[in-house]
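S.K.: A single structure is presented below for examination.
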Amino acid sequence: DAKTTQPNSMESNEEEPVHLPCNHSTISGTDYIHWYRQLPSQGPEYVIHGLTSNVNNRMASLAIAEDRKSSTLILHRATLRDAAVYYCILRATTGANSKLTFGKGITLSVRP
Amino acid sequence: DSGVTQTPKHLITATGQRVTLRCSPRSGDLSVYWYQQSLDQGLQFLIQYYNGEERAKGNILERFSAQQFPDLHSELNLSSLELGDSALYFCASSGASGRGTGELFFGEGSRLTVL
């Protein structure tokens, strides 16, 4: 599996935007970029995914660099509930039949 | 609520014992995945089943085994337990290819403590 690199941690203030970076310089043409997050004492949950174009959903936005070697997860207004570990993962297909390989992720803290 | 049900939520047992963790996937999901999360190892992929057949294998010990039944529920069997097997075990499911985003839905986990 191609590898991703994320900072260990980041802090943000409540109601401010948060930009979580991810580097994936060895990404292949068939790799999708997925983001999951894990709230304390819960299982991971899907956040967003994309291939080449920027993506938006109700939870977040995903900005993908033109060369696809990096991406940024954007939380538009952080809330206390967004404090979690965020994982950036490369996945070879959007189909249901490939596993996810989790790295260490980035721990996001949100200050009131 | 992800729709994935794991039982038991908590389990305390002794070294050398055997336990079975159960997972009921979301209705209609054919793929089931098992992950182990310990403090020092993070989330480690163990094994995946698709419609009853083993699809992918990760860092699963020989003492561990799993299966997926015709009704699509899955069980993870852990035997000859050691202290280091204490961890959270997550089950996830996903739908058939082409359905939705292909995202994985995770259960709340089974916390195993080996004393």
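Where a number appears in this text, it was derived from the coordinates with a stated rule and is not lab data. Keep in mind that what you see is a predicted model, and the values were worked out from it rather than measured. Reconstructed Cβ throughout: ideal geometry from the backbone, glycine too, with neighbour counts over all protein chains shown.
S.K.: Using only the Cα atoms, what convex hull volume per residue in Å³ does the protein assembly as shown have?
M.R.: Working: hull volume 27.1 nm³, N = 227.
It is 120 Å³ per residue.
S.K.: Let me ask another. What percent do you get for the relative contact order of chain A when only Cα pairs under 8 Å and 6+ apart count?
M.R.: The normalised contact order for chain A reaches 36 percent.
S.K.: Please report, for the Cα atoms of chain A, the Rg to one decimal and the Dmax as a whole number; what are they, in angstrom?
M.R.: Answer for chain A, Rg first and Dmax second: 13.2, 40 Å.
S.K.: Would you mind estimating how fast chain B diffuses translationally, via Stokes-Einstein at 4 °C and 1.567 mPa s with the Kirkwood radius over Cα pairs, in µm²/s?
M.R.: For these conditions, the coefficient is 92 µm²/s.
S.K.: Where does each of B:50, A:86 land when they are ranked from fewest to most other beta-carbon atoms within 10 angstrom?
M.R.: B:50, A:86
S.K.: If you don't mind, another one. Rounded to whole Hz and in sequence order, give me ³J(HN,Hα) for the range B:7-20 from the Karplus expression 6.51 cos²θ - 1.76 cosθ + 1.60, θ = phi - 60°, writing x for Gly and Pro.
M.R.: 9, x, 6, 9, 8, 10, 8, 9, 4, x, 7, 10, 9, 10
S.K.: Under the rule of at least 5 residues apart or a separate chain, name every residue whose amide H is placed under 5 Å from the amide H of residue A:12.
M.R.: Residues meeting the amide H criterion: A:109, A:110, A:111.
S.K.: Counting other Cβ atoms within 10 Å, which GluC sites (Glu not before Pro) in the range A:6-112 have at most 16 and lie in a DSSP loop?
M.R.: In loop regions of the range A:6-112 (DSSP not H, G, I, E or B), the sparsely surrounded GluC sites (Glu not before Pro) are A:14, A:15, A:66.
S.K.: Considering only DSSP beta bridges where both residues belong to the protein assembly as shown, give the percentage that are antiparallel (nearest 5).
M.R.: 90 percent
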